Amino acid sequence: MDNQQFKFVIIGGGIAGVTCTETLSQLLNDISDFEDRESILLVAGSALVKTVTNFKQVSRTLEDFQIEEKQPDWITQTCPNVKVARTEVVCLDSAKHTIYTSDDKCYRYERLCIATGASPKLIAEKCPLVLGIRDTESVSVFQSRLSGARRVMVVGNGGIASELVYEIEHCGVIWAIKDDSINHVFLDESAAAFMLTHVHERKQNADSATPSKRRTYTLDKARQAAVTRTSGSALGPDWHSGLEVTGAEPAISRNVHIESNCEVQELLTPEGVGSRNIVVDRLQGEEPQTQWPAYVKLTNGKCFGCDLVVSATGVTPNTAPFVKSGPFKVAEDGGLLVDERMRTNVVGVYAAGDVCTVNWPPVKHWLQMRLWSQARQMGHYAAKCMLADYQEEAIEKDFSLETFAHMTNFFGFKVVLIGRFNAQGLGVEEYELLLRITPGKEYVKVVLQDGKMVGTVLIGETDLEETFENLIINEMDLTDYKEDLLDANVDIADYFD
Ligand SMILES: Cc1cc2nc3c(=O)[nH]c(=O)nc-3n(C[C@H](O)[C@H](O)[C@H](O)COP(=O)(O)OP(=O)(O)OC[C@H]3O[C@@H](n4cnc5c(N)ncnc54)[C@H](O)[C@@H]3O)c2cc1C
Ligand SMILES: NC(=O)C1=CN([C@@H]2O[C@H](COP(=O)(O)OP(=O)(O)OC[C@H]3O[C@@H](n4cnc5c(N)ncnc54)[C@H](OP(=O)(O)O)[C@@H]3O)[C@@H](O)[C@H]2O)C=CC1
């Protein structure tokens, strides 16, 4: 068995792993007396790797970039001090500082960064009618199954479910959510109420929409068929743009039915429904005798038929090869716990992106969410930490990890979330909310704690993100300005200039 040695090994060809690799490569190049520059190995289990292009800092914390998928060897061209192993890590011997791969090779490392991402956490594993969405392959399967479907059940109330429900056309959609209101992961009840009518509206034509500042995702369709052993890297922003997300009912433009406060109790076959005399609920206009390949019994007592179920119910970090062979501390959500220098509890092993869970003292304006931007920021910071530890130097935490900032799009609206946008971690007595809502146009929410802004939700073209971001970061006392803060007649940017 080969036993090559590298100073730095990074596992994972997603945005966290690739950013970590590129940053390390750059940092080593910048050190004129570094004796062994050719000492970075990227182990990429997927056929394609992700890279960030056209990166722009929109404001102090909001970023704008595009994502491209490339062949792993591309990185050796742009970063000549990097070697790439296109294989999957199956085991780690932390005592020997060695990883073992599926092609019977092993590699020794001095510092290792695990950036293996996460996989969909499905409501039912191994059920062919239940699909998850993560990578290009899973999207292809979903598209082809949807093309023959009359009705799909979408389960989950976060990012993927919200995007899918808005995108699916020519197919009935039943959206089963655990909560009172839609998109609970990102929006509170008032913001969800603002969005609700737009769930049922016809999707805006992407071509006619205002050009958006948000980051975009470029999918090389010619490479979609690439075969991978491990699941590929997670899709990213605008993954659905340009993709056909249409079912088999041309007569239906949009038909979304929401079932709230429920979970899936049981998945049933037509035979199961018949033999147990289960009463099947019908949607308006549905023929009494309609037969479905699957039936879903919900905890609210209702039972609906559908052609397929999309389980958009969150992710589980990909830690299996490591936790089975090393004494890793793992968080409740399954992520590898990392300290403020992105170190796991195992000597010489770091983690970044979706695979890790931060174990930091609370940061006033920041919280972890498994997002593209945080995967990039953590990959970048992990590289700096690995090198700083190697050189026994101190390092400051990245500014980007001090203030949460997310720019996305839901139900046709630009959505900007900054700081503790939903007062996360604050007791009900501890904060005050200011709201300005113009139905169909904009929704502005400010979270104040002790007179200072600690978070904001901005929906629509509000143009307030930069000003509010500054007010959050600068921790300005706004007690005397509260009345004017959301007054549409006050030019707030000018006010605080
Ligand atoms: C459908 C969808 C839409 C999304 N939309 C958005 C959005 O709009 N905005 C946003 O901010 N975020 C979005 N996200 C989340 C975002 O894509 C992820 O948070 C981010 O991509 C995580 O990056 P990562 O590098 O940590 O993990 P991943 O992208 O999952 O990459 C992990 C890599 O590790 C490899 N790997 C795994 N195990 C091994 C192994 N044993 N050996 C070798 N390699 C291995 C995998 O093949 C993969 O290439 C979306 C996610 C999905 C699924
Ligand atoms: N525009 C964006 O920013 C997007 C971001 N993403 C990211 O991609 C990742 C995957 O997305 P997604 O799968 O939507 O994950 P999310 O974490 O966004 O949402 C998962 C949702 O499923 C719910 N849920 C969990 N288990 C069950 C269950 N057994 N039955 C019913 N509901 C359940 C969760 O509720 P609870 O929270 O109560 O557990 C939550 O509402 C996330 O990290 C997400 O942030 C994805 C798409 C778009």
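The values are calculated or read from the model by the stated rules, or taken from the named source; none is laboratory data. Only a predicted model underlies this, so the values are computations on that prediction, with no experimental measurement involved. Glycine also receives a Cβ, built like all others from the backbone with ideal geometry; neighbour counts cover every protein chain displayed. Keep in mind that these areas ignore ligands, DNA and RNA; they rest on the heavy atoms of the full protein, side chains included. Shrake-Rupley method; radii C 1.70, N 1.55, O 1.52, S 1.80 Å.
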Among what's in the stretch 152-195 and is more than 14 Å from ligand 2 (Cβ to nearest atom) and part of a strand (DSSP E or B), pick the residue that is surrounded by the most Cβ atoms within 10 Å (Cβ to Cβ). VAL173
What pairs can you find where one residue is in the stretch 272-283 and touching a residue at least 40 places away in the same chain (Cβ under 8 Å), the other is surrounded by 14 or more Cβ atoms within 10 Å (Cβ to Cβ), and their Cβ atoms are less than 9 Å apart, with a gap of 6+ or different chains? LEU283/ARG151; LEU283/GLY172; LEU283/ILE174; LEU283/ASN255; LEU283/HIS257; LEU283/PHE304
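Suppose the filter is more than 27 Å from VAL454 (Cβ to Cβ), free of Cβ contacts under 8 Å to residues at least 12 places away in the same chain and aliphatic (A, V, I, L, M); does ALA383 pass it?
For ALA383, the condition - more than 27 Å from VAL454 (Cβ to Cβ), free of Cβ contacts under 8 Å to residues at least 12 places away in the same chain and aliphatic (A, V, I, L, M) - is not met.
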Wholly within the stretch 253-317, which strands (runs of 3 or more DSSP E) include no fewer than the required count, namely at least 3 residues that are within 21 Å of HIS200 (Cβ to Cβ)? 256-259
I need every pair where a residue in the stretch 425-445 that is of a type in the set (A, V, I, L, M, F, W, C) has its Cβ under 7 Å from the Cβ of a residue that is in a loop (DSSP other than H, G, I, E, B), sequence separation at least 6 or different chains. LEU426/ARG420; LEU434/LEU486; VAL444/THR462; VAL444/LEU464; VAL444/LEU486
Taking the stretch 353-382 and keeping residues aliphatic (A, V, I, L, M), touching a Cys at 6+ places or on another chain (Cβ under 8 Å) and more than 15 Å from ligand 2 (Cβ to nearest atom) leaves ALA382
Qualifying residue in the stretch 287-308 (condition: within 16 Å of ligand 2 (Cβ to nearest atom), in contact (Cβ under 8 Å) with a residue 60 or more places away in the chain and of a type in the set (Asp, Glu)): no
Could you go through the stretch 211-222 and let me know if any residue there is assigned to a helix (DSSP H, G or I), modelled with pLDDT under 95, open to solvent by 60 Å² or more (accessible area, probe 1.4 Å) and hydrophobic (A, V, I, L, M, F, W, C). yes
Can you give me the ranges of the strands (runs of 3 or more DSSP E) entirely in the stretch 330-437 with at least 2 residues that are within 16 Å of ligand 1 (Cβ to nearest atom) and surrounded by 24 or more Cβ atoms within 10 Å (Cβ to Cβ)? 336-338, 349-351, 413-419
Identify, by number, the condition in (1) within 16 Å of ligand 2 (Cβ to nearest atom); (2) of a type in the set (Ser, Thr, Tyr); (3) more than 27 Å from the chain's Cα centre (by Cα) that SER94 doesn't meet. (1)
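Conditions tested, residue by residue: (1) assigned to a helix (DSSP H, G or I); (2) on the phi < 0 side of the Ramachandran plot; (3) loosely packed, with under 14 Cβ neighbours inside 10 Å.
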| residue | (1), (2), (3) |
| --- | --- |
| LEU448 | no, yes, no |
| LEU458 | no, yes, no |
| THR462 | no, yes, no |
| THR467 | yes, yes, no |
| ASN470 | yes, yes, no |
| TYR481 | yes, yes, no |
| VAL490 | no, yes, yes |
